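S.K.: One structure is given below, represented as structure tokens, and several questions about it will come after.
The values are calculated or read from the model by the stated rules, or taken from the named source; none is laboratory data. Just so we're clear, the structure is a prediction, and the values are computed from it rather than from any experiment. Please note: Cβ atoms are built from the backbone with ideal geometry, for glycine as well, and neighbour counts cover all protein chains shown.
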Ligand SMILES: [Fe+2]
């Protein structure tokens, strides 16, 4: 844990009931997440200490910022797993799955047409919007995805400044069967007071099916350690049931990948 400034706290395994983290950026050097294998391993150790047994890596797919290609991502993922196993970290290697966090961008309709997605659990598409401006035409996008039998998870709805926690647009997404995933670090105020308040309100509304770390680097890892000492977050995890455990065995996933 030499990358951390503070060594005063160890993570507590309060997220064990979730079993799986299904949103993070720990495939090195493909987006704004981890910059090295070492950083990824450090972050994964923190996640394990926080109670997670398995982790899906979900690189950004976002044109033009992160024009990732699924074939390349899968190759890099295989290399990372081999690297972990070669260095004796077989548990670390087995606990990982690969998917993506797909931005609804200018190339998104082409993706839908090509059905070119790396999915969580072979079925769930993790989708995000711009943090700055509201995307128009989402009804059609969601309809097109659902016609192709994707289950849609919207990443961190609490972080979009243009949606309130009782937004009629978000209500409409819920009515369409879209799953919501909030960021654990929103609950601790990592992104500010607005996302924190909205995250709690959305959970209390019964809108939230998934929780994710959205971990990018060791700064987030330190914040996750701190979050494991937050009694309010601990109580929330104890009180509510989340669907993360659906993805408990990413290493056994073989079928249903739409790529
Ligand atoms: Fe993310």
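S.K.: Residue check, residue 27 against (1) farther than 27 Å from residue 235 by Cα; (2) more than 16 Å from the ligand (Cβ to nearest atom); (3) at pLDDT 95 or above; (4) outside any helix (DSSP H, G or I), all met but one. Which one?
M.R.: (2) is the only condition that residue 27 fails.
S.K.: Filtering the stretch 146-159 down to residues that are on the phi < 0 side of the Ramachandran plot and not in a helix (DSSP H, G or I), which residue is farthest from the ligand (Cβ to nearest atom)?
M.R.: Looking at residues that are on the phi < 0 side of the Ramachandran plot and not in a helix (DSSP H, G or I), I get 148.
S.K.: Still on this model: Among the residues of the stretch 53-65, write down those that are within 13 Å of the ligand (Cβ to nearest atom) and surrounded by fewer than 18 Cβ atoms within 10 Å (Cβ to Cβ).
M.R.: Hit for the stretch 53-65 is 65, nothing else.
S.K.: Can you name the helices (runs of 4 or more DSSP H) wholly within the stretch 182-259 that have at least 2 residues being away from the ligand (no atom under 16 Å from the Cβ)?
M.R.: 193-205, 218-227, 231-239
S.K.: A further question follows. Condition first: more than 17 Å from residue 14 (Cβ to Cβ) and touching a strand residue (DSSP E or B) at 6+ places or on another chain (Cβ under 9 Å). Now tell me which residues in the stretch 182-207 satisfy that.
M.R.: 191, 195, 198, 202, 207
S.K.: Based on what the data block shows, is residue 139 more than 16 Å from the ligand (Cβ to nearest atom), modelled with pLDDT of 95 or more and out of contact with any helix residue (DSSP H, G or I) (no Cβ under 7 Å at 6 or more places or on another chain)?
M.R.: Criteria not met by residue 139.
S.K.: Any residue at all in the stretch 160-169 that's modelled with pLDDT of 95 or more, within 16 Å of the ligand (Cβ to nearest atom) and under 18 Å from residue 200 (Cβ atoms)?
M.R.: Yes, there is a match, as at least one residue in the stretch 160-169 is modelled with pLDDT of 95 or more, within 16 Å of the ligand (Cβ to nearest atom) and under 18 Å from residue 200 (Cβ atoms).
S.K.: Considering only residues of the stretch 177-195 that are more than 24 Å from residue 121 (Cα to Cα) and in contact (Cβ under 8 Å) with a residue 12 or more places away in the chain, which is surrounded by the fewest Cβ atoms within 10 Å (Cβ to Cβ)?
M.R.: Looking at residues that are more than 24 Å from residue 121 (Cα to Cα) and in contact (Cβ under 8 Å) with a residue 12 or more places away in the chain, I get 194.
S.K.: Just to be sure, is residue 121 on the phi > 0 side of the Ramachandran plot, at pLDDT below 95, more than 16 Å from the ligand (Cβ to nearest atom) and buried (at least 16 other Cβ atoms within 10 Å of the Cβ)?
M.R.: Considered against the rule, which asks whether it is on the phi > 0 side of the Ramachandran plot, at pLDDT below 95, more than 16 Å from the ligand (Cβ to nearest atom) and buried (at least 16 other Cβ atoms within 10 Å of the Cβ), residue 121 comes out as yes.
S.K.: Can you run down the residue pairs with Cβ atoms below 7 Å, 6 or more apart or on separate chains, where the first is in the stretch 223-252 and at positive phi and the partner is in a helix (DSSP H, G or I) and modelled with pLDDT of 95 or more?
M.R.: Qualifying pairs under 7 Å: none.
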